[in-house]
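The block underneath contains the structure these notes are about, expressed in structure tokens.
The values are calculated or read from the model by the stated rules, or taken from the named source; none is laboratory data. Quick caveat: nothing in here was measured; it's all calculated off a predicted structure. Glycine also receives a Cβ, built like all others from the backbone with ideal geometry; neighbour counts cover every protein chain displayed. With ligands, DNA and RNA removed, areas are computed over all heavy atoms of the protein, side chains included. Shrake-Rupley method; radii C 1.70, N 1.55, O 1.52, S 1.80 Å.
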Amino acid sequence: MIPVRGFEGKRVAVFGLGRTGLTAARALKAGGAEIALWDESPTSREAAAAERLPLVDLTKADWSQFDALMLSPGVPLTHPTPHWTVGKANEAGVEIVGDIELFARTVNAAPEHKRPKVIAITGTNGKSTTTALIGHMLTAAGRDARIGGNIGYGVLGLDDMHGGAVYVLEVSSYQLDLTSSLKPDVAILLNLSPDHLDRHGGMEGYVAAKRRVLLNQGKGDTAVIGVDDDWGSQICTEITAANRRTIVPISSRRSLGRGVYALQGVLYDATGERVIEVADLDRARSLPGRHNWQNAAAAYAAVRALGISVEDAATGLATFPGLAHRMETVAHVGGVRFVNDSKATNADAARQAMSSYPRFYWIAGGRAKQGGIDGLTDLFPRVTKAYLVGEAAQDFATTLEGRAPAMIAGTIEAAVAEAHADALAAGGDAIILLSPACASFDQFPDFEVRGDAFRAAVLRLAERPLRGAIA
């Protein structure tokens with residue numbers, strides 16, 4: 001745990017008692033803050049009470065007694081409408097912060113010799129893979145890397161800091177909205193496409209939230225920016241003009257006069273006096289597809305900024321084991337390969353997986369994002385058949401009509417069984433891809449639970465007689 005500094009003796013309200021909220025509450029208490037916890041869910045309140053953390057009904061509390069509100073990132077700050085806790089905090093002049101901000105202040109308050117390095121990764125797609133990949137590359141090179149934030153452990157639940165540590169943090173737009181003091185040694189903005197627009201009031205607000213990862217950087221810091229989309233390219237141009245930090249553009253679509261890029265599966269470093277061929281990414285089995293080339297370029301640029309050699313970085317890329325729920329091969333059952341891409345919570349993320357396979361059986365659906373799967377029509381010819389689940393099933397069936405065979409399966413387990421039966425009837429040697437292009441919140445609390453449900457259904461299938469063997 002990282003005890004939070006700067007709130008000693010102060011009273012802090014904590015709203016939202018999921019993983020982030022409870023972790024922050026523990027860290028605030030360990031740092032000497034007086035905390036008052038609340039959640040609208042009785043189950044979440046019971047979890048806090050089981051740890052003997054103090055519950056206070058914030059609907060009835062005197063907000064003038066609070067110095068800060070620690071708000072969980074899933075709670076609306078501004079859009080579609082501010083949460084009632086935000087209204088009460090604003091009325092009382094109470095500062096609103098998130099867990100990344102608490103971490104940032106603690107880092108900034110540390111003596112210079114105890115201050116760790118921080119790599120912060122954001123973007124619409126690829127954040128989790130890039131975060132895990134950087135952590136792996138640093139660890140393989142002998143560095144003390146701690147991985148967390150919006151992936152795995154809440155940042156304040158990671159081991160306490162020291163001068164030799166490197167915190168590798170995935171940060172979401174929701175977290176960045178609640179952050180003002182973060183000053184990463186390396187900030188990565190991978191890409192930008194429409195997502196979470198309801199929470200940011202449109203694309204302009206979403207882009208503004210994402211670029212906050214760059215807000216406090218200065219001389220000696222490094223910004224790694226994907227320039228394959230118009231928003232990233234514009235941001236790169238704008239901060240290059242500011243000329244305060246080292247800027248490394250990255251691309252998986254074109255060569256760059258300066259930066260790191262991948263072409264036809266080969267990673268190149270053009271940050272020095274000559275272009276260096278770093279690695280053949282086709283040999284990195286856990287990094288298939290153009291989108292992973294961008295992730296590899298970003299990870300390489302980040303670890304190089306912290307002094308990892310070209311050779312050690314290339315070794316780290318080649319030995320990366322991959323990330324759960326992101327194009328993860330779960331099993332082979334009767335010659336049919338099951339791929340778990342539950343992390344694809346929007347159409348752009350699903351495109352990355354769908355583009356990697358010439359033909360596949362597609363499990364999709366959930367709570368649709370704006371535009372649904374309309375932007376994926378060029379990939380529908382690759383879909384042997386679609387098995388649709390969740391709230392979006394009927395709308396997706398309408399979109400697919402006349403373009404690809406589809407059925408409404410309803411649940412992940414039913415979709416797995418139907419797709420497997422169809423694949424076996426067609427001779428096997430097929431790919432069944434869970435890449436939902438949707439949020440999970442209609443049927444599951446998050447994409448990880450959805451991916452686990454897919455894995456469990458596949459493993460149950462493998463245990464049935466006459467259904468083949470798992471490999």
Out of L176, L197, L169, L189, sole residue that is under 19 Å from the mean Cα position of the chain (by Cα), more than 24 Å from R304 (Cβ to Cβ) and open to solvent by less than 10 Å² (accessible area, probe 1.4 Å): L176
Options R105, R45: the member that is farther than 26 Å from K183 by Cβ, in a helix (DSSP H, G or I), open to solvent by less than 70 Å² (accessible area, probe 1.4 Å) and not acidic (D, E): R45
Residues satisfying the stated conditions in the stretch 1-19, i.e. within 25 Å of I151 (Cβ to Cβ) and open to solvent by 70 Å² or more (accessible area, probe 1.4 Å): M1, R5, R19
Scan of the stretch 273-296 for residues that are assigned to a helix (DSSP H, G or I), without any contact (Cβ under 8 Å) to a residue 60 or more places away in the chain and surrounded by 15 or more Cβ atoms within 10 Å (Cβ to Cβ), ordered by number: L281, W293
Any hit, the stretch 94-101, residues being of a type in the set (D, E, K, R), surrounded by fewer than 22 Cβ atoms within 10 Å (Cβ to Cβ), without any contact (Cβ under 8 Å) to a residue 40 or more places away in the chain and part of a helix (DSSP H, G or I): no
Positions within the stretch 108-135 being touching a His at 6+ places or on another chain (Cβ under 8 Å), open to solvent by 10 Å² or more (accessible area, probe 1.4 Å) and outside any helix (DSSP H, G or I), in sequence order: N125, G126
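Looking at the structure I just gave you, is A409 under 19 Å from the mean Cα position of the chain (by Cα) and of a type in the set (G, A, S)? Explain how you work it out, then say what you get.
On the way: under 19 Å from the mean Cα position of the chain (by Cα): no; of a type in the set (G, A, S): yes.
Answer is no for this residue.
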Failed item in (1) in contact with a strand residue (DSSP E or B) (Cβ under 9 Å, 6 or more places away or on another chain); (2) outside any loop (DSSP other than H, G, I, E, B); (3) modelled with pLDDT of 95 or more, with A462 passing the rest: (3)
Pair list, Cβ under 7 Å, 6 or more apart: the stretch 446-457 residue within 14 Å of A344 (Cα to Cα) and open to solvent by less than 60 Å² (accessible area, probe 1.4 Å), other residue of a type in the set (F, W, Y) and outside any helix (DSSP H, G or I): R450/F444
Scope the stretch 38-79; condition in contact (Cβ under 8 Å) with a residue 24 or more places away in the chain and of a type in the set (A, V, I, L, M); matching residues: A47, A48, L53, V56, L58, A61, A68, L69, M70, L71, V75, L77
Search result, residues across the stretch 55-82 that are loosely packed, with under 14 Cβ neighbours inside 10 Å and within 20 Å of L102 (Cβ to Cβ): Q65
Every residue from the stretch 200-214 that is hydrophobic (A, V, I, L, M, F, W, C) and surrounded by 22 or more Cβ atoms within 10 Å (Cβ to Cβ): A209, V213, L214
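So, G201, is that one in contact (Cβ under 8 Å) with a residue 60 or more places away in the chain and on the phi > 0 side of the Ramachandran plot or not?
Working: in contact (Cβ under 8 Å) with a residue 60 or more places away in the chain: yes; on the phi > 0 side of the Ramachandran plot: yes.
In short, yes.
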Pairs with Cβ under 8 Å, 6+ apart, first in the stretch 215-234 and in contact (Cβ under 8 Å) with a residue 40 or more places away in the chain, second open to solvent by 50 Å² or more (accessible area, probe 1.4 Å) and hydroxyl-bearing (S, T, Y): T222/T246
